[in-house]
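Asker: Take a look at this one; I'll ask things after.
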Amino acid sequence: MGFPGTTNRYYTSWEVAERRDIDNAVRINIRNLRQQAMLEEMLADPQVRIQYASKYAGSTNAYKNAIGTNWAINKRDFEGVKKQMQDELLAWSQKNCRSNYIEAIQTLETIV
């Protein structure tokens, strides 16, 4: 998801871990609490159920999306794949005296 023309394809291993362990974890916990609160109110009053139906469905979609994203990250070991790619780039950079790539990788690690 996201805006047209954006991609998560070039995430580093640190960004993948941050997405899984921080961003999605917070989304899952917050959405779960929101779902529980909304469901209690919806079950108590039929009019509230009708009023909240669309918001509840949208919140459920975001909740399930975060869970599914984490599942895919873990199942496909995206963090490990990205780490391997970074290690290969680092080894190539050191072999070919490309210090700018080494510095870029180190900078990305400190930023994330």
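Asker: List every residue pair whose Cβ atoms sit under 7 Å apart, with the two residues 6 or more apart in sequence or on different chains, where the first one lies in segment 1-21 and is closer than 15 Å to residue 105 by Cβ and the second, anywhere, is modelled with pLDDT of 80 or more and assigned to a loop (DSSP other than H, G, I, E, B).
Answerer: Qualifying pairs under 7 Å: 12/112; 14/112; 15/112.
Asker: When only residues in segment 96-110 that are loosely packed, with under 11 Cβ neighbours inside 10 Å and touching a helix residue (DSSP H, G or I) at 6+ places or on another chain (Cβ under 9 Å) count, which is farthest from residue 24 (Cα to Cα)?
Answerer: Across segment 96-110, the extreme among qualifying residues is 99.
Asker: Still on this structure, I have one more. If I filter segment 22-43 for residues that are under 21 Å from residue 112 (Cα atoms), loosely packed, with under 11 Cβ neighbours inside 10 Å and without any contact (Cβ under 8 Å) to a residue 40 or more places away in the chain, do I get at least one hit?
Answerer: Scanning segment 22-43, I find at least one residue that is under 21 Å from residue 112 (Cα atoms), loosely packed, with under 11 Cβ neighbours inside 10 Å and without any contact (Cβ under 8 Å) to a residue 40 or more places away in the chain, so the answer is yes.
Asker: Is there any pair linking a residue in segment 91-112 that is over 21 Å from residue 17 (Cα atoms) to one that is at pLDDT 90 or above, with Cβ under 6 Å and at least six apart or on different chains, and which?
Answerer: Between residues of segment 91-112 that are over 21 Å from residue 17 (Cα atoms) and residues that are at pLDDT 90 or above, the close pairs are 101/93.
Asker: If you scan segment 44-89, which residues turn out to be closer than 30 Å to residue 107 by Cβ, surrounded by 11 or more Cβ atoms within 10 Å (Cβ to Cβ) and over 14 Å from the mean Cα position of the chain (by Cα)?
Answerer: Listed by number, the residues that qualify are 80, 81, 82, 83, 84, 85, 86, 87, 89.
Asker: What is the residue count in segment 60-106 for residues that are small (Gly, Ala, Ser) and either more than 17 Å from residue 14 (Cα to Cα) or in contact with a His (Cβ under 9 Å, 6 or more places away or on another chain) (or both)?
Answerer: 6
Asker: Here's another thing I want to ask about it. When you look at residue 93, is it more than 24 Å from residue 27 (Cα to Cα) and touching a helix residue (DSSP H, G or I) at 6+ places or on another chain (Cβ under 6 Å), yes or no?
Answerer: Here the answer is yes, as residue 93 does meet what is asked.
The values are calculated or read from the model by the stated rules, or taken from the named source; none is laboratory data. Being a predicted model, the structure only gives us computed values, none of them experimental. A quick note on method: Cβ atoms are made from the backbone with ideal geometry, for glycine too, and the neighbour counts reach across all protein chains shown.
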